[in-house]
1. Among all residue pairs at least 6 apart or on different chains, which show Cβ distances below 9 Å where the first residue, located in segment 37-48, is under 9 Å from Pro64 (Cβ atoms) and in contact (Cβ under 8 Å) with a residue 24 or more places away in the chain and the second is among the hydrophobic types (A, V, I, L, M, F, W, C) and in a loop (DSSP other than H, G, I, E, B)?
2. Is it the case that some residue within segment 126-135 is modelled with pLDDT under 95 and of a type in the set (A, V, I, L, M, F, W, C)?
3. Just checking, does segment 143-166 include any residue being under 16 Å from Phe101 (Cβ atoms), in contact with a Lys or Arg (Cβ under 8 Å, 6 or more places away or on another chain) and modelled with pLDDT of 95 or more?
4. Among (1) under 21 Å from Ala75 (Cβ atoms); (2) among the aliphatic types (A, V, I, L, M); (3) in contact (Cβ under 8 Å) with a residue 60 or more places away in the chain; (4) surrounded by 17 or more Cβ atoms within 10 Å (Cβ to Cβ), there is one condition Val118 misses while meeting the rest; what is its number?
5. Between Thr134, Thr155, Thr141, which is surrounded by fewer than 18 Cβ atoms within 10 Å (Cβ to Cβ), without any contact (Cβ under 8 Å) to a residue 24 or more places away in the chain and polar (S, T, N, Q)?
6. For Ser90, which of the numbered conditions (1) of a type in the set (Ser, Thr, Tyr); (2) surrounded by 14 or more Cβ atoms within 10 Å (Cβ to Cβ); (3) modelled with pLDDT of 95 or more fails to hold?
7. Just checking, does segment 158-181 include any residue being surrounded by fewer than 14 Cβ atoms within 10 Å (Cβ to Cβ), touching a Ser or Thr at 6+ places or on another chain (Cβ under 7 Å) and either of a type in the set (Phe, Trp, Tyr) or within 26 Å of Phe46 (Cα to Cα) (or both)?
8. Give the number of residues within segment 93-112 that are of a type outside the set (A, V, I, L, M), in a strand (DSSP E or B) and under 26 Å from Ala22 (Cβ atoms).
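The values are calculated or read from the model by the stated rules, or taken from the named source; none is laboratory data. All values derive from a computational prediction rather than experimental measurement. Glycine also receives a Cβ, built like all others from the backbone with ideal geometry; neighbour counts cover every protein chain displayed.
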Amino acid sequence: MRSIPLTLVALSLALPAAAQDADRTVSGGGQLAPGWMARTDRGQNFDNIRLVEKGTGWDITVGPGVTLYRENDRATGSYTISATIEQLSSKGHGHGTGLIFGGKDMQGADQVYSYFLVRGDGSYIIKTRTGDDTAEIRGWTKSEAINASELAHMTNEVAIRVADGDVIFMVNGTEVDRVPAADLYTDGIVGLRLNHNLDMHIDSFKIEN
């Protein structure tokens, strides 16, 4: 009986997991509520993005990761942005959702913004995007302030406060991190960021000076 190399066995085991986490098809995709704009990861189209008004907020379902924003949602100087983020489903794998700020050239080659995401395992991340490159300011970090549910329903209130040379990151009213404003993009468009394969409801999205 001929033996099978272990490397081939490992590869065959890895392939189903990778396929399972591929970007999903979204029923009723290709919809953006009035005023909203989107930029998907890797330049994908909007066929598998769905953002529709529901109550005082929006239901959002995504296949690819996406940044969502409205041109008039801008903040400079000292401000606070916040939203209530409700995860309805993570399509079988936890991914991050949160806020972007300091956005410029959002549809161009020179896009920049900062972002703060939480995910179902009770962790958060702070990053910047410059063109096609991203940089971790704080890698995925656990916090007891985050309501966690890896694969199912969870709700978190997230907020970002820019003031006195710092950017303060809060979840459910608790400060989880603080970063010098000089290390981030802070002046510009604010909006939402969803990594791929998520079904979310966003409410109470606001900008306060």
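1. Thr40/Phe46; Asn48/Val26
2. No: segment 126-135 contains no residue that is modelled with pLDDT under 95 and of a type in the set (A, V, I, L, M, F, W, C).
3. yes
4. With (1) under 21 Å from Ala75 (Cβ atoms); (2) among the aliphatic types (A, V, I, L, M); (3) in contact (Cβ under 8 Å) with a residue 60 or more places away in the chain; (4) surrounded by 17 or more Cβ atoms within 10 Å (Cβ to Cβ) applied to Val118, the lone miss is (3).
5. Checking each option against the conditions leaves just Thr134.
6. Tallying (1) of a type in the set (Ser, Thr, Tyr); (2) surrounded by 14 or more Cβ atoms within 10 Å (Cβ to Cβ); (3) modelled with pLDDT of 95 or more, Ser90 fails exactly one: (3).
7. no
8. Selection size over segment 93-112: 2.
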